[in-house]
Structures are given as C-alpha cells and as structure tokens.
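The structure appears below as structure tokens.
Please treat every number below as a calculation from the coordinates, not as lab data. Please read all numbers here as calculations on a predicted model, not as lab measurements. Positions of Cβ are backbone-derived with ideal geometry, glycine not excepted, and every protein chain shown enters the neighbour counts.
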Amino acid sequence: GAGVSQSPSNKVTEKGKDVELRCDPISGHTALYWYRQSLGQGLEFLIYFQGNSAPDKSGLPSDRFSAERTGGSVSTLTIQRTQQEDSAVYLCASSRAGVGGLGYTFGSGTRLTVV
Amino acid sequence: AQKVTQAQTEISVVEKEDVTLDCVYETRDTTYYLFWYKQPPSGELVFLIRRNSFDEQNEISGRYSWNFQKSTSSFNFTITASQVVDSAVYFCALSPNSGYSTLTFGKGTMLLVSP
C-alpha cells in the first residue's frame, strides 16, 4: 500500500483479555518496527523485524508481549492478559532496509485502552 | 547506551513568532544519524529531517532550520514565523550508523501555536 496501515485504530479491552494489533507495512519494505507511545513518555522501542533474520525482541517489556511477521509482510503484536499499564498508542513503522539512517515511515497507530 | 533529551515539554507561542526546539543527545557511537519527526493531532509521525553525524552544516527548508553542533551534542530545530498548522508534538531521535538499528526517541516537545 501507499503507507503503513495499522488496525484497529482504537481498541478498548478489559483487563486480563488478550489483544492483537495488526500492521501492514509499505510494500517492499523489509524492515518493520513496533514502538509504544505512552503519555508523556516518548516512543519506546518494542521489537524489530528485518527480512528473514531473527527479530530483535530486546524492547518487549514482558513475556506477555509477542509479535509475529508472516511472509515478510504483515505483522501482529499480541498482548496477553492485558494490564492497565499497557494502555498506550502502539505505533508500527517500516523502512526499505534495516539501516536506521534511512528513516522510517510510521503508521497512525493503535490506541489501546485497558479498563 | 543512547539517550535523547528534549528538555522542553511544552512551548506556547503566538503565530508569526520564531520558536526553537532543543535536542541534546548522548551516544558512544562515532557515527550516527539524528532525526526530527512531527506528530500532529492525527497521530501519525511525519519525518522532517535526517542528519549524518559527519555533516555539521546547518540546514534550512522553508520556515524550518536545524542547527547541529557536535561539540555540544545538540541538534536544535527552529521554526520561523510559526503558523497554527505547526502545532504538534515534535520528536528528536538518534540511531547508530551501523548495520540495522532502531531509533532512540526523546520524550517530545508539544508546540502550541495560537492565532
């Protein structure tokens, strides 16, 4: 597609439920990133996929968080047993290569609210 | 470890005023990239500029200008003759210039431009 597409744009869930957030990167972009934006906290790196390489999961805050990227394209971020502190905007970005210097294209994000 | 500090949490100006957003960074890398992104109320992060650490020349793009000073580890952003449409959160970010890399973001500065 023309841009990075994320769905849903908003998600309200009850504490303890699992949620799945979807990211569809720009066609041809081999690198895909997930970031979390909490109120007043800037953007926090979560996970990075580059081609067929093993993902860099170093930013995932707990084992309740996981992500997959199928076929080198669409990615799903899953949060199990959601907690109120998981409430944030989850942003996905993609780039043509893994080198950060090329910059990313971001999606509009998924606003997750855990009640 | 990398760190980006945007000391200004929020700035309010009146239209047509000039405004400078500060960014100070820390890195042990000898080469790196610096970025500025704009996040308007719609939520999507918009890429503004990338600067290679080798290039300390200031850059001007229309009403925007950037002052990179390696000696003080600063990469400040100035908007001349601000407009209401400039109201947004602005993020400064840093990435290594090696292999694949993720961006380290500052916490952002919210700019409010009133008519």
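Considering all projection directions equally, how large on average is the shadow of the alpha-carbon convex hull of chain B, in square nanometres?
7.0
Return an integer: the convex hull volume of the alpha-carbon atoms of segment A:1-41, in Å³ per residue.
Considering the Cα atoms of segment A:1-41, their hull volume per residue is 109 Å³.
State, in angstrom, two size descriptors of the protein assembly as shown derived from its alpha carbons: Rg to one decimal place and Dmax to the nearest whole number.
17.7, 52
Enter the mean number of other protein chain beta carbons within 10 Å of the beta carbon of each residue in A:42-48, as an integer.
Mean number of neighbouring Cβ atoms from other chains: 5.
Using bins 10 angstrom wide from zero, how does P(r) for segment A:1-94 break down, in % of all Cα pairs?
Taking every Cα pair in segment A:1-94, the percentages come to 16, 52, 28, 4.
Rg and Dmax of segment B:19-61 over Cα atoms: what are they, in angstrom?
Rg and Dmax of segment B:19-61, Cα atoms, are 12.4, 36 Å.
For peptide B:43-49, how many partner chain Cβ atoms fall within 10 Å of a residue's Cβ, on average?
Taking all residues of B:43-49 together, the mean is 6.
Can you return the lysines within cross-link range of residue A:57? Criterion is Cα-Cα under 23 Å, with same-chain partners fewer than 8 residues away left out.
Within the straight-line limit of under 23 Å, residue A:57 reaches these lysines: A:17, B:3, B:107.
Run down the lysines and flag those whose C-alpha is under 23 Å from the C-alpha of residue B:16, throwing out any fewer than 8 positions away in its chain.
In chain and number order, the partners are B:38.
If one computes the Cα centroid of segment A:65-90 and of segment A:17-49, what distance in Å separates the two points?
Measuring centre to centre over Cα atoms gives 8 Å.
List, in order, the whole-Hz ³J(HN,Hα) value for each residue of segment B:76-90 obtained from phi through the Karplus relation with A = 6.51, B = -1.76, C = 1.60 and θ = phi - 60°; use x for Gly and Pro.
With coefficients 6.51, -1.76 and 1.60, one gets 8, 10, 10, 10, 9, 6, 4, 10, 4, 5, 7, 4, 4, 9, 10 Hz.
From the phi angles alone, apply the Karplus equation (6.51, -1.76, 1.60; θ = phi - 60°) to segment A:48-53 and give each ³J(HN,Hα) in whole Hz, x where the residue is Gly or Pro.
Result, ordered by residue: 9, 10, 9, x, 9, 6 Hz.
In the neighborhood of residue A:38, defined by Cβ-to-Cβ distances under 9 Å, what is the net charge if each Lys or Arg adds +1 and each Asp or Glu adds -1?
-1
If you take every DSSP beta bridge whose two residues both sit in chain B, what share of them, in percent to the nearest 5, is antiparallel?
90
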